[in-house]
Amino acid sequence: MPTWPVRSWRMQPWNPSPLMRVSDRVEGFVRILAVLVLLIAVPTGAAAGTAAYSSASERIRAENATKVVVTGTIIGTPVRVSAPVADRNATVRDQFEAQVSWTHDGKSGTATVGVPDAAERGQPAPVWLDPDGKPTTPPEQSSAAAVHGIGVGIAVLLEIWCGALAVVLFTIWALNHRRHIRLDREWRQFSHPTGQGSL
């Protein structure tokens with residue numbers, strides 16, 4: 001019985017055997033093309049991830065540069081919200097919000113923002129403001145750009161791989177369907193040869 005490398009070699013489209021069908025050659029060509037696509041997808045995904053990382057890093061840097069932190073005063077009772085958050089030590093903590101007032105560049109403001117879990121009315125609380133003086137989110141960590149880049153790279157890689165696999169599977173299905181139709185036609189011709197009279 002032929003070994004796996006021998007069987008694989010015999011299925012290649014350049015096999016000169018006259019017994020090899022055209023559909024077999026087409027299937028072998030599609031498989032080879034799919035392998036090449038899978039290999040090319042790796043540097044393509046890496047390039048997409050690198051570009052996404054650079055873009056996200058620049059965006060985060062630009063947005064963080066426009067944010068300013070001021071010290072406000074808690075004027076409302078802190079309320080626990082439903083969504084827990086994870087701190088830098090990977091500990092899940094309940095998130096609290098309270099009404100905070102502040103003064104910055106001669107302008108006063110009041111808003112409901114996140115506060116520490118042990119905060120109380122009258123205590124100071126940091127408030128991050130955007131260039132318009134409105135409350136905004138704290139600066140993003142630089143690691144967020146790396147996570148975004150990795151996610152984009154993996155997504156592109158999987159998308160290309162799934163596309164190549166879908167093409168191969170569809171080609172195999174279409175060729176097998178064509179082979180079955182041909183075999184059925186040949187079997188009918190063999191079972192009922194032309195010119196045979198009825199008994």
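The values are calculated or read from the model by the stated rules, or taken from the named source; none is laboratory data. Keep in mind it's a predicted model, so treat the numbers as computed, not measured. FYI the Cβ positions are ideal-geometry reconstructions off the backbone, even for glycines, and counts take in every protein chain you see. With ligands, DNA and RNA removed, areas are computed over all heavy atoms of the protein, side chains included. Shrake-Rupley method; radii C 1.70, N 1.55, O 1.52, S 1.80 Å.
When ARG80 is tested against (1) open to solvent by 70 Å² or more (accessible area, probe 1.4 Å); (2) basic (Lys, Arg); (3) at pLDDT 90 or above, exactly one condition is not met: (3). Going by the structure shown, is GLU27 more than 18 Å from the chain's Cα centre (by Cα) and in contact (Cβ under 8 Å) with a residue 24 or more places away in the chain? Answer is yes for this residue. Scanning region 44-63 for residues that are under 13 Å from ILE160 (Cβ atoms) and either open to solvent by 80 Å² or more (accessible area, probe 1.4 Å) or among the hydrophobic types (A, V, I, L, M, F, W, C) (or both) turns up ALA46, ALA47, ALA48. Of all residues in region 169-190, none are open to solvent by 80 Å² or more (accessible area, probe 1.4 Å), within 24 Å of GLY49 (Cβ to Cβ) and either at pLDDT 90 or above or not in a helix (DSSP H, G or I) (or both). In this structure, VAL22 does not qualify as open to solvent by less than 60 Å² (accessible area, probe 1.4 Å) and modelled with pLDDT under 95.
Figure legend. Inter-residue proximity from region 109-121: first residues of a type outside the set (D, E, K, R) and modelled with pLDDT of 80 or more, second residues open to solvent by 20 Å² or more (accessible area, probe 1.4 Å) and part of a loop (DSSP other than H, G, I, E, B), beta-carbon distance below 7 Å, spacing 6+ or different chains. Indicated pairs: GLY109/GLY133; VAL115/PRO78; ALA119/PRO78. If you go through region 30-47 and keep only what is under 25 Å from the mean Cα position of the chain (by Cα) and β-branched (Val, Ile, Thr), you end up with VAL35, VAL37, ILE40, VAL42, THR44. When restricted to residues that are charged (D, E, K, R) and open to solvent by 80 Å² or more (accessible area, probe 1.4 Å), region 25-43 contains 1. Here the condition is being under 21 Å from the mean Cα position of the chain (by Cα) and open to solvent by 100 Å² or more (accessible area, probe 1.4 Å); of ILE150, ILE154, it holds for ILE150 alone.
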